[in-house]
Amino acid sequence: QVHLVESGGGLVQAGGSLRLSCAASGSIFSINAMGWYRQAPGKQRELVATITSGGRTNYADSLKGRFTISRDNAENTVFLQMNSLKPEDTAVYYCYADRGRYYWGKGTLVTVSS
């Protein structure tokens, strides 16, 4: 089992920034990749960003340039730096870990006010 705990969500004005964190614990060996999805009200969950164990990153096209994913291997933590936030970024952000199957955190709510 892999346990994921997200933090850093909250309310921010449009144009502001937030940094999300996801701490992994448990059977964290052989995790291939970690990353973030988000789900806005009434919408499907969508990929935000991924970072592999080797440090390769991938982003949703619409978020490139505003969001940055990084990881601290020593702390088993993944971060998502979100800049120039827009009201349409409002969503629950879920951390995931790919260890042959996906493990999910419970999510953290990001609300961007206009």
Residue-normalised value, i.e. accessible area per residue, for the chain at 1.4 Å probe, in Å², stands at 53
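For the chain, with all protein chains present and a 1.4 Å probe, just round the carbon and sulfur fraction of the accessible area to a whole percent.
Values: 2800 of 6040 Å².
C and S fraction of accessible area: 46 percent.
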Between residue 47 and residue 30, the two model label points (7 Å from Cα along the beta-carbon direction) sit apart by a distance in nm of 2.3
With the charge dipole of the chain built from beta-carbon charges (+1 for Lys and Arg, -1 for Asp and Glu) about the Cα centre, the Cα from 44, 7, 32 projecting farthest to the positive end belongs to 44
With a Förster distance of 30 angstrom and the Cβ-Cβ distance between residue 109 and residue 74, calculated FRET efficiency to the nearest 0.05 equals 0.60
SASA check, residue 31, accessible area w/ 1.4 Å probe, all protein chains in place, rounded to nearest 10 Å², comes out at 20
Placing each pseudo-label 7 Å from Cα in the direction of the beta carbon, residue 23 and residue 7 end up separated by a distance in nanometres of 0.5
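The values are calculated or read from the model by the stated rules, or taken from the named source; none is laboratory data. All of these numbers come straight from a predicted model, not from anything done at the bench. Backbone-built Cβ (ideal geometry, glycine too); neighbour counts: all protein chains shown. These accessible areas exclude ligands, DNA and RNA; they are computed on the full protein's heavy atoms, side chains included. Shrake-Rupley method; radii C 1.70, N 1.55, O 1.52, S 1.80 Å.
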